[in-house]
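Shown next, in structure tokens, is the structure this report addresses.
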Amino acid sequence: MASSLNSFPPRRIPHFFVILLVLAACVDESVVYDNRPIFGEPDPAALGFVGYADRDAQRLVCGNCHVGRQAEWAETGHADAWEGLQASGSVQEFCETCHTTSSRGNVMAEPAGYDITRQARYHDVQCESCHGPGVAHLQLPDVNRPQAPLSAGSDLQLGCGECHQGTHHPFVNEWEQSKHAEVVGFAADRVECTSCHSGEGALAAWGFRTAFLEQDSVGPGKDHLSITCGICHDPHGSDQGAQLRFPINTPNEEANLCMKCHNRRGTPDPGSSAGPFATHGSEANPRICAGCHVNAFTVTDPETGGFVFNATGHTFESTPCLDEQGIPVPGDCDDEERTYGACTASGCHGSEDGARQLKQRADTRTGELAIELAALLDQVPEEEFDPNDGRFTIAEGAKFNLDLRADFPGSPTHNPFLIEALLLASIKDVEEEYELSASNALTLHRILGQG
């Protein structure tokens, strides 16, 4: 066999010979291929968690088979979780369970892994932190396939929220205040909407055929996942910062993570001087959407300088309201109670007051135009707004632009030039089409007490 094989040029060995060799190797008990043990027997108190095969080399037991996943994981912050805690200068015992492989993050409801053993083999946030104990999978890998959850919530006993919450890492606490945490049922059930209105739909639309704990209980006619942590972030690691599944620093709508869903917006001609993102897509703001909407900052005590809160920006509010301590809170508030820190942190504005004044100016200008347009439309015959007559009238187009300004209060910020141009054009077209005067209509509007 050896001489026959050697007659072939390098890399030209026929496939059937390779298969025979592999099969022979598998049944030849006289050949020792690797006498290295896969892992040492874990402590029974760990309740099935196996942890590291070699702690010093950071070789996971799971990595003996899942070599690619081991390599990806090694590049994430989870692989340095224990070392990061030790280097923080504020190590406390209650912190350790989130910096190790324990019952946190997975389906285990009782202490396990590092919680019980305090052994170094369970240092760092390993595969089992999300997938749960792996010993059953090692024994019967085709039968026992522990899946990680994608659900998130500060009140859940599994998932990212078991660790990524609290004053230092309130990712899930802030996310719960955002629209990403909500599921719009009718939209999530519609085929044309599910790719943005459900977590499982987004993963499928983006080409990720990953298995997860809830996969059999979500989908059309069932429950739905919201846009949880694991939808935007790849738990196994990625080439992008923060383990994001797609980049956030590209203006390409097909590639930008945020724009994969948030792309139903008006933009000027990409060839215009304003560019596709108007003033907020300049070189000063390379992270584009995230540069404003992931507004992360640290809150300190003004008197002592001591730590109070670490805002992660996961409410996705560009100018969130602040409480008396300076902590972001949900709800509406006056401009003076908001932080415009993202406007300066992105590199676009020199001061928060300057950014606030520019927004107020855009709001005032477009608000005045909206009042003028509304006053004009009040004078247009009702039949011009008939949705069933097969026509799309000048009045209906103007009403659409007016609603754009009213229903999306952020529109003057996202593209102040466009919204102003739309309102001005609508006023002009309505005046000409229906022989009305904006000034006369506005006067009547105010006399009637509608403005």
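The values are calculated or read from the model by the stated rules, or taken from the named source; none is laboratory data. In this text, all values refer to a predicted model and were calculated from it rather than measured experimentally. Positions of Cβ are backbone-derived with ideal geometry, glycine not excepted, and every protein chain shown enters the neighbour counts. Protein only, heavy atoms only, side chains kept; ligands, DNA and RNA dropped before computing areas. Shrake-Rupley method; radii C 1.70, N 1.55, O 1.52, S 1.80 Å.
Structural remarks
- FRET efficiency estimate (nearest 0.05) - Cβ-Cβ, residue 244 to residue 95, R0 30 angstrom: 0.70
- The ellipsoid that matches the Cα gyration tensor of the range 31-176 has semi-axes, each √(5λ) in whole angstrom, of 26, 17, 14, with the longest given first.
- Neighbour-limited loop hits for trypsin sites (Lys or Arg not before Pro), the range 39-142 (at most 16 other Cβ within 10 Å; DSSP other than H, G, I, E, B): 55, 118
- Summarising the label geometry, the points placed 7 Å from Cα in the beta-carbon direction at residue 45 and residue 87 lie 3.0 nm from one another.
- Label zone at residue 408 (point 7 Å along Cα-to-Cβ), backbone N below 18 Å, the range 169-207: 179-180, 193, 196-197
- Accessible area in the full protein assembly, largest first, 1.4 Å probe, for 248, 371: 371, 248
- Summing +1 for each Lys or Arg and -1 for each Asp or Glu among the other residues whose beta-carbon sits under 14 angstrom from that of residue 433 gives -4.
- Radius 13 Å from Cβ of residue 370, net charge of other residues (Lys, Arg +1; Asp, Glu -1): -4
- The stretch between residue 223 and residue 325, if pulled fully straight at 0.36 nm per residue, gains 32.9 nm over its current Cα-Cα span.
- FRET efficiency estimate (nearest 0.05) - Cβ-Cβ, residue 179 to residue 254, R0 30 angstrom: 0.85
- Packing-based order for 326-337, 286-297, using average beta carbon neighbours within 10 Å, highest first: 286-297, 326-337
- Other residues with beta-carbon under 10 Å from the beta-carbon of residue 238 carry, at +1 per Lys or Arg and -1 per Asp or Glu, a net charge of -3.
- Under 19 Å from residue 260, Cα to Cα: lysines that are on another chain or at least 8 residues apart: 179
- The label point for residue 429 and the one for residue 206, both projected 7 Å from the Cα toward the Cβ, are 3.6 nm apart.
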